[in-house]
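Engineer: Handing you a structure now.
Computed from the coordinates by the stated procedures, all read-outs in this text should not be read as laboratory data. Just so you know, these numbers come straight off a predicted model, no measurement behind them. Because the Cβ atoms are built from the backbone with ideal geometry, glycine has one as well, and the counts that use them run over all protein chains shown.
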Amino acid sequence: MHLSITAATIHDVELLSQLSVVTFTEAFAADNRKEDMDQYLAVEMSPAKLIGELQDSNNLFLIAWHNDEPVGYAKMATGTKNESKQLERPIELERIYVLKKHYGKKAGARLMQYCLQYGKDNGYKTIWLGVWEQNHRAVKFYKQWGFELFGSHGFRLGSDMQTDVLMKKSLTQ
């Protein structure tokens, strides 16, 4: 499958919002209460919230395309958070999602390759992420890419406080 990856701009906000809602729903709706999903999506994946994130120079959004069809996206964040203070020159892979109909077609792998290369090319030493402890498919994917566990933190989905495991990977190897 031929994929291209482009950096998202403010002009992509509606597309990014739609892609965010669909991929997050596909990934988590079956395992969470509808009220919690609706509340989270209304705030975190809204065009207004995404405009602010797109305008923040600490963020980079990437869109994966199969021909002219968007099939997934990733968000990288360079701002230091409490979870990453002990890591050497960290960059966070804050989101990486692919439409379910494109699972197994290497879109996630291409996005991951791009993110890892971006981190290396820009002098970051460690890439890290948080992933819901119940998202076994994603944890397995990250482990296959050489990420290792280094902690956990809370993640609020609506009214439900969940636990994300934190994973990291050296970019200097």
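Engineer: Where Rh is the Kirkwood radius over the Cα pairs of the stretch 111-173, the temperature 37 °C and the viscosity 0.692 mPa s, what D in µm²/s does Stokes-Einstein return?
Structural biologist: Reported coefficient: 263 µm²/s.
Engineer: Kirkwood Rh, the stretch 29-114, all Cα pairs: how many Å?
Structural biologist: 14.8 Å
Engineer: May I ask you to derive the relative contact order of the chain, considering only C-alpha pairs under 8 Å and at least 6 residues apart, and to give it as an integer percent?
Structural biologist: Result for the chain is 21 percent.
Engineer: Compute the normalised compactness of the chain: alpha-carbon radius of gyration over 2.2 N^0.38 Å, N being the residue count.
Structural biologist: 0.98
Engineer: The stretch 76-124: which trypsin sites (Lys or Arg not before Pro) are DSSP loop and have at most 10 other beta-carbon atoms within 10 angstrom?
Structural biologist: Counting only loop positions with at most 10 other Cβ atoms within 10 Å, the trypsin sites (Lys or Arg not before Pro) in the stretch 76-124 are K85.
Engineer: OK, next. Using only the Cα atoms of the stretch 52-93, what semi-axes does the equivalent ellipsoid have when each is the square root of 5 times a gyration tensor eigenvalue? Give whole Å, largest first.
Structural biologist: The answer is 26, 12, 6 Å, longest axis first.
Engineer: Calculate the spin-label point distance for T172 paired with N82, positioning each point 7 Å from the Cα along the beta-carbon direction, and give it in nanometres.
Structural biologist: 2.7 nm
Engineer: Show me, for the stretch 138-153, the HN-Hα J-couplings you get by feeding each phi into the Karplus relation (A = 6.51, B = -1.76, C = 1.60, θ = phi - 60°), rounded to Hz, glycine and proline as x.
Structural biologist: Using θ = phi - 60°, the values come out as 5, 4, 4, 4, 5, 4, 5, 8, x, 6, 10, 5, 9, x, 7, 8 Hz.
Engineer: Further, regarding this structure: So for the stretch 1-78, averaging the separation of alpha carbon pairs under 8 Å that are six or more residues apart and normalising by length, what relative contact order in percent results?
Structural biologist: 44 percent
Engineer: If the chain between W145 and N58 were fully stretched, how many nm would it gain, using 0.36 nm times the residue separation less the Cα-Cα distance?
Structural biologist: 28.9 nm
Engineer: Loop-only GluC sites (Glu not before Pro) in the stretch 6-107, please: DSSP not H, G, I, E or B, and at most 16 other Cβ atoms within 10 Å.
Structural biologist: E88
Engineer: Also, quick follow-up: Normalising by the residue count of the stretch 42-109, find the relative contact order in percent from Cα pairs under 8 Å and 6+ residues apart.
Structural biologist: 24 percent
Engineer: Under unit Cβ charges (Lys, Arg +1; Asp, Glu -1), what dipole magnitude, rounded to 20 debye, does the chain have relative to its Cα centre?
Structural biologist: Rounded to the nearest 20 debye, it is 680 debye.
Engineer: For the chain, build the charge dipole from Cβ charges (+1 Lys, Arg; -1 Asp, Glu) around the Cα centre, then report which of Y142, S46, T163 sits farthest towards its positive end.
Structural biologist: Sorting the options by dipole projection puts first Y142.
Engineer: Apply 1/(1 + (r/R0)^6) to the Cβ-Cβ distance of S4 and K106, taking R0 = 22 Å, and write down the FRET efficiency to the nearest 0.05.
Structural biologist: FRET efficiency, S4 to K106: 0.95.
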